[in-house]
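Down below is the structure, laid out as C-alpha cells.
The values are calculated or read from the model by the stated rules, or taken from the named source; none is laboratory data. Note that the coordinates shown come from a computational prediction; the quantities given were computed from them, not determined experimentally. All Cβ positions, even for glycine, are placed from backbone atoms using ideal geometry, and neighbour counts span all protein chains on display. Heavy atoms of the whole protein, side chains included, go into the accessibility calculation; ligands, DNA and RNA do not. Shrake-Rupley method; radii C 1.70, N 1.55, O 1.52, S 1.80 Å.
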Amino acid sequence: MSPHITLEQWRSLIEVVDAGGYAQAAEKLCKSQSAVSYAVQKIESLLDIKAFEVQGRKAILTPTGHMLYRRALALVNEAKDLERAVHKLSAGWEAVITIAAEILFPSERLLTCLDRFGQESPGTRIELIESVLGGTSDALLSGNVDLAISPQLPPGFLGNVLMRIRLLAVAHSGHPLHHYDRELSYRDLRAHRHVVIRDSGSKRDQRAVSVEVDQRWIVSQVATSIQAVAMGYGFAWLPEESIREELSAGILKPLPLKTGHTREVPLYLILANPDFAGPGVRRLAEILTESVIQ
C-alpha cells in the first residue's frame, strides 16, 4: 500500500509544533497559513484522528498528536539522512568530513592519519573539532560531525574502543611533592596546585576533577597543562605518550602516590551515522584504526 501522506505534509505538522503555531510555521516554511493548515487537516482526515485541539488561541497536541509528531520527526530525519547519503555516493567521496577528536588522542598520530587520508582523497576537506570529555558527545548529539574519537559513548551511539590512554600523575622533578621521601596520599596533594583540563561540553562533568585541593588552574589544552607542570607550577595527570620526552629528560617525574598514580581512559571510535556513512568517513575510520594496531 503506497503512502498517502507526503513528507511535506509531515514537515508541516512538525513545524507547527516546533514553531508554536500555524502562522509561525507558515513563515518558517515560506508558505501561506492556509496551506500549512490544509496539510495538517489532510493528515487528520486520512488517518481519521485529531492531531491538535484548540485551547484558547493555541493549538495543543493531543496524545495521538504527540505520537504522530515523534514518528514524523524520525521519518523526516531518516529521509534527510538518505538524501545526504545518496548525494555523497553519487558525487564520489565526500567534499567535507568533520571529525571531533578528544584532545587526549595523540595529536601527532591524528595528524599523520589525516595526512594519509589526504593523499588518498586530496579533494576532501577535513574540519577538525578538538574537544574535551562532554564536548565530543555534544558534537555527536548535535549532528555536527561525521566521525568522533570520544572517551564516552553518548546515548544512542555505538563505537569500538580505538585505544586506551594511560595518564600519569606527574610534577616537575624539583616540585616539593618529590621531597617527601615517601609514598604520597591524596591528602598530601591538597596543599599544592592541581592543573586540570577543562571539559568543553555544555554540561561540564565535575567528576573529572577528582582531587580536592586549595589551588587549581583550569586550562583548555593538553599542551598548556604539560607546559605549566614542566615549569613547576603544579601537578597533573598527563597522557604518558605526550610527555615521553619530558620524562626521559628528567624534567617531569611520576608522583609516588600509594594509589591512583595512573589512570586509564578508553577512547571510542564512533561513526555518527553508521548506516549512511560515506566512503570517505569509512576510509578515515579504517586509517585511524590501523594507526593504533601498527
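List of remarks:
- Dipole of the chain, positive end: most advanced residue of ALA19, LEU252, TRP237 [Cβ charges, Cα centre]: ALA19
- Shape call, segment 88-158: gyration tensor on alpha carbons, a/c limit 1.5: oblate
- In a reduced charge model with +1 at each Lys and Arg Cβ and -1 at each Asp and Glu Cβ, the chain shows a dipole moment near 620 debye about its Cα centre.
- Segment 203-294, Cα convex hull volume normalised per residue, Å³: 172
- Length gained on full extension, GLN119 to ARG164: 13.5 nm, using 0.36 nm per residue less the C-alpha separation.
- Spatially close Lys pairs in the chain, defined by Cα atoms under 29 Å apart and a spacing of eight or more places or different chains, total 16.
- Of ALA100, ALA72, ALA230, the one that fluctuates the most in a GNM where the chain has Cα springs shorter than 10 Å: ALA72
- Summed residue charge, Cβ within 11 Å of ILE149's Cβ, Lys/Arg positive, Asp/Glu negative: -1
- Angle in degrees between helix 33-47 and the longest Cα principal axis of the chain, rounded to the nearest 10: 80
- Rounded D (µm²/s) - segment 91-222, Kirkwood Rh over Cα pairs, Stokes-Einstein at 10 °C, 1.306 mPa s: 91
- Comparing mean-square fluctuations of LEU114, LEU247, LEU46 from a GNM of the chain with C-alpha springs under 10 Å, the top value falls on LEU46.
- Only helical runs count toward this figure. For the chain, summing -39,500 (n - 2.57) over DSSP H runs of n ≥ 4 and dividing by all residues gives -12500 deg cm²/dmol at 222 nm.
- Normalised contact order of segment 46-178, rounded percent, pairs of Cα under 8 Å and 6 or more residues apart: 20
- Relative contact order (%) - criterion: Cα under 8 Å, at least six apart; region: segment 145-294: 44
- The residue among LEU46, VAL96, TYR268 whose Cα reaches farthest toward the positive pole of the charge dipole of the chain, with charges on the beta-carbon of Lys, Arg, Asp and Glu, is LEU46.
- Here the extension length gained between HIS4 and ILE126 equals 39.8 nm, from 0.36 nm per residue of separation less the Cα-Cα distance.
- GNM on the chain, alpha-carbon springs under 10 angstrom: the most fluctuating residue among LEU269, LEU133, LEU73 is LEU73.
- Percent accessible area from carbon and sulfur atoms, the chain, protein chains only, probe 1.4 Å: 51
- Extension gain for VAL213 to SER32 (0.36 nm times residue separation, less C-alpha to C-alpha distance): 59.0 nm.
- Residue-normalised accessible area of the chain, expressed per residue, 1.4 Å probe, Å²: 57
- Per-pair calculated FRET efficiency, R0 = 51 Å: ASP275 and LYS58 via Cβ, rounded to 0.05: 0.85
- Rg/Rh for the chain, where both radii come from Cα atoms and Rh is the Kirkwood radius: 1.13
- Taking all C-alpha pairs of segment 1-42, those more than 13 Å from each other amount to 43 percent.
- Relative contact order of the chain, defined on C-alpha pairs under 8 angstrom at six or more residues apart (%): 21
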